[in-house]
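Asks: Sending over a structure as structure tokens; questions will come in a sec.
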Ligand code: ADP
Ligand code: MG
């Protein structure tokens, strides 16, 4: 335990919450299957970034996470890699409809980036990902969602539109990510986020990532996450 504490300190990782899994040093430590390890190597990712070292084992253990680290620190793979594992762990993948992993991001550019990152790792398994955001034809998106997918990456407003149009159902959704939560609040998406969260089963795994943690985001996190573990990397303001 002393050694773990010192390792965290050397990486400027702070954690809070009970029973926090120990940080990993390598992707091998995460127990990823060979296909996923190959996809990671293909990206040129040699070892986990600091946030990934601590967030990956926690997310893989099934716990809810609040992850706070600055932009560019590799937060995306912290939730995308465990999402692939989560999806592959579902029994009888083909039987139900609707996404298993739902990721909300504040802007279409960010949603698109996450979508591209998710696709790189999903491809190896034939997992389908869809991106849903404004500026694209609603009819095209409706059709794409109707064709089925395991992962949806969306901006909150457009996802609500698609839910209203019954382009997708959330019965199978068990892995929810709120990425760049602070920016989603700044852009006024709090009501949409609350509506989306309310449409996803409460026994889901919920992950919230943010560069900063203003009080309003803190309040939402307390309400929608269950016994979360908080991981903070470096100096982060509120
Ligand atoms: P954040 O969401 O924290 O702003 P990103 O997830 O967008 O950061 O990652 C920033 C950059 O780092 C991306 O170009 C991504 O491909 C790259 N990256 C992520 N993880 C690793 C890794 N383990 N090794 C090398 N590069 C990585
Ligand atoms: Mg990011």
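Asks: For residues that are free of Cβ contacts under 8 Å to residues at least 40 places away in the same chain and part of a helix (DSSP H, G or I), scanning just segment 40-68, find the one that is farthest from residue 221 (Cα to Cα). Break it down stepwise before answering.
Replies: Of the residues in segment 40-68, the ones free of Cβ contacts under 8 Å to residues at least 40 places away in the same chain are 41, 44-49, 52, 56-57, 60.
Then keep just the ones that are part of a helix (DSSP H, G or I); that gives 41, 52, 56-57, 60.
Details: 41: 33, 52: 20, 56: 19, 57: 20, 60: 19 Å.
In this case the residue turns out to be 41.
Asks: Follow-up. Identify all residues within segment 91-107 that are surrounded by 15 or more Cβ atoms within 10 Å (Cβ to Cβ) and more than 16 Å from the chain's Cα centre (by Cα); write none if there are none.
Replies: Within segment 91-107, 93, 98 qualify.
Asks: Hey, another quick one. Being closer than 17 Å to residue 168 by Cβ and surrounded by 15 or more Cβ atoms within 10 Å (Cβ to Cβ), is that true of even one residue in segment 74-86?
Replies: Yes, there is a match, as at least one residue in segment 74-86 is closer than 17 Å to residue 168 by Cβ and surrounded by 15 or more Cβ atoms within 10 Å (Cβ to Cβ).
Asks: Something else: For residue 168, are the conditions met, namely being under 18 Å from residue 101 (Cβ atoms), part of a loop (DSSP other than H, G, I, E, B) and more than 17 Å from the chain's Cα centre (by Cα)? Before the answer, list the steps.
Replies: Working: under 18 Å from residue 101 (Cβ atoms): yes; part of a loop (DSSP other than H, G, I, E, B): yes; more than 17 Å from the chain's Cα centre (by Cα): yes.
Yes.
Asks: Among 113, 141, which is closer than 23 Å to residue 43 by Cβ and part of a helix (DSSP H, G or I)?
Replies: Going through 113, 141 in turn, the sole match is 113.
Asks: Tally the residues that are surrounded by fewer than 17 Cβ atoms within 10 Å (Cβ to Cβ) and either at pLDDT below 95 or outside any helix (DSSP H, G or I) (or both), restricting the search to segment 23-33.
Replies: Number satisfying all stated conditions: 4.
Asks: List the number of the failed condition for residue 220; all other conditions in (1) assigned to a strand (DSSP E or B); (2) over 23 Å from residue 141 (Cβ atoms) hold.
Replies: Going through the list (1) assigned to a strand (DSSP E or B); (2) over 23 Å from residue 141 (Cβ atoms), residue 220 breaks only (1).
Asks: Also: State yes or no: is residue 196 assigned to a helix (DSSP H, G or I) and farther than 22 Å from residue 69 by Cβ?
Replies: yes
Asks: Within segment 40-65, which residues are closer than 24 Å to residue 171 by Cα and buried (at least 16 other Cβ atoms within 10 Å of the Cβ)?
Replies: Of everything in segment 40-65, those that are closer than 24 Å to residue 171 by Cα and buried (at least 16 other Cβ atoms within 10 Å of the Cβ) turn out to be 59, 60, 63, 64, 65.
Asks: Can you tell me which condition residue 115 does not meet? The list is (1) within 30 Å of residue 216 (Cβ to Cβ); (2) touching a residue at least 40 places away in the same chain (Cβ under 8 Å), and all the others hold.
Replies: With (1) within 30 Å of residue 216 (Cβ to Cβ); (2) touching a residue at least 40 places away in the same chain (Cβ under 8 Å) applied to residue 115, the lone miss is (2).
Asks: Tell me which residues, restricted to segment 102-111, are without any contact (Cβ under 8 Å) to a residue 60 or more places away in the chain and either more than 12 Å from ligand 2 (Cβ to nearest atom) or in contact with a helix residue (DSSP H, G or I) (Cβ under 7 Å, 6 or more places away or on another chain) (or both).
Replies: Scanning segment 102-111 gives a single hit, 108.
Asks: Okay, moving on. Within segment 166-185, can you find the residues that are away from ligand 1 (no atom under 16 Å from the Cβ) and either in contact (Cβ under 8 Å) with a residue 40 or more places away in the chain or in contact with a strand residue (DSSP E or B) (Cβ under 6 Å, 6 or more places away or on another chain) (or both)?
Replies: 168, 169, 170, 171, 172, 173, 174, 175, 176
Asks: Another question, if that's okay. Determine whether residue 79 is within 16 Å of ligand 2 (Cβ to nearest atom) and either in contact with a strand residue (DSSP E or B) (Cβ under 8 Å, 6 or more places away or on another chain) or farther than 30 Å from residue 163 by Cβ (or both).
Replies: Yes: the conditions hold for residue 79.
Asks: Evaluate the following for residue 28: is it closer than 28 Å to residue 197 by Cα and more than 18 Å from the chain's Cα centre (by Cα)?
Replies: For residue 28, the condition - closer than 28 Å to residue 197 by Cα and more than 18 Å from the chain's Cα centre (by Cα) - is not met.
Asks: May I pose another question? With 99, 91 as the choices, which residue is away from ligand 1 (no atom under 13 Å from the Cβ), part of a loop (DSSP other than H, G, I, E, B) and modelled with pLDDT of 95 or more?
Replies: 99
Asks: Additional query: Of everything in segment 199-212 that's in a strand (DSSP E or B) and within 16 Å of ligand 1 (Cβ to nearest atom), which residue is surrounded by the most Cβ atoms within 10 Å (Cβ to Cβ)?
Replies: Applying the filter and picking the extreme gives 208.
The values are calculated or read from the model by the stated rules, or taken from the named source; none is laboratory data. Computed from a predicted model, the values in this text were never measured in an experiment. Glycine also receives a Cβ, built like all others from the backbone with ideal geometry; neighbour counts cover every protein chain displayed.
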